[in-house]
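K.L.:
One structure, pasted below without further comment.
Please treat every number below as a calculation from the coordinates, not as lab data. For clarity, every value in this text was computed on a predicted model and none was experimentally measured. Using ideal geometry, Cβ is built from the backbone for each residue, glycine included, and neighbour counts are taken over all protein chains shown.
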Amino acid sequence: MIEILLVALGFFVAWNIGANDTANCIGTAVGGGIITYRRAVAIVIIFVFLGAIIDGWRNMRTVGQGIILGPAGNPIADPSLTFLAAGILAAAGLWVLMATLLGLPISTSQSMVGAVIGGGIFLSVARPELGTSVNLSRLTGIAASWVLNPIFSAILSLVILVPLRELIGRVRGLVTINRVLGALILISAAYSAYALGANDIGTSMGVVHARMGWSAVAAAVFGASALAVGALTFSSRVVNTVGKGIAPLDPASAFAAQFSAALTVCLFVRMGIPVSTSQALVGGVAGVGMARRASTVNRRNLLRICAAWVATPLIACAVSFLLCRLASVL
């Protein structure tokens, strides 16, 4: 029975990622009027599957085995602790759902990592005989990446946008320029969806992969399928926030923001570090907004999003601790 619950909660978390993080792939393309929402979602689904299957195993290993350690630094193998995975997944999914209802593009990676930390703290307090601990050195690297992620993306978006605008200014033929930029934005949306599959599906399925004994490919396909359902049913609200609520985007700035975010996330994935696709994209959008004119950036929305980023791992950690405590007595 607990295994069925665990699978259902894994689906719930990945569904929420589709609902919240689809905006990170297509928000700029839809907000810039480059592609319709339905076609953009189709692109996301295809490339999320590819990213999850090819590179999702990297973050699965980090989240599933690299944060909570057993004796002598080994992964926890005790089958009686399946309730812990259930509490972690429920905590991460519930907070992402709440943020999606509010239209906030939060970090699902932060939510999952925060929930895993909460579970690890509960285990070390409630079951000290197991000798478990939270891998502080690993968490330090992850936390540093959360700070650097949007900064790198913002800087990279500026590096891309400035010469791109110079190039556009020298080319004659507005129709040709718009077609080229439109094609580039669709390519960057596909690349972003690949990064989403590699980063967020890997992060969300790490606990299921570790506790259920599924292969990385099986966990990736399951998670990507749930994400596709979330993207199709409940992603439009956050897409509007990312595409229109931070800074107005023309085709050039949409491409610069989207591509810089995807490249930043993929660089961290290659290191096995679960970062936030939301933070990367918001950093990219803020970067191009400041390049155009600082006053074009909606500071109120940006501060609201940043506050949610800070709150996410803390809330997920606290909720996870409480849910693990509840699950342990059921």
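K.L.:
If you take the alpha carbon radius of gyration of the chain and divide it by 2.2 N^0.38 Å, what ratio comes out, to two decimals?
P.N.:
0.98
K.L.:
To test your reading of the geometry: what angle, between 0 and 90 degrees and rounded to tens, separates the Cα axis of helix 108-126 from the longest principal axis of the chain?
P.N.:
It is inclined by approximately 20 degrees.
K.L.:
Hey, another quick one. Let me have the relative contact order for the chain, percent, based on Cα pairs under 8 Å that are six or more residues apart.
P.N.:
Relative contact order here is 39 percent.
K.L.:
Can you tell me which of 280-286, 136-142, 122-128 comes out highest on packing, and rank the rest after it, using the mean Cβ neighbours within 10 Å?
P.N.:
The densest-packed peptide leads the list: 280-286, 122-128, 136-142.
K.L.:
Relative to the present Cα-Cα distance, how much length would full extension add between V217 and L314 at 0.36 nm per residue of separation?
P.N.:
Taking V217 through L314 to full extension adds about 31.9 nm, to one decimal.
K.L.:
Debye sum, Cα scatterers, segment 250-330, no solvent: what log₁₀ I/I(0) at q = 0.12, 0.24, 0.26, 0.27 1/Å?
P.N.:
Treating every Cα as an identical point scatterer, log10 I(q)/I(0) equals -0.50, -1.11, -1.17, -1.19.
K.L.:
I want to check the label-to-label distance for I187 and L326. Put each point 7 Å from Cα in the C-beta direction and report it in nm to one decimal.
P.N.:
4.9 nm
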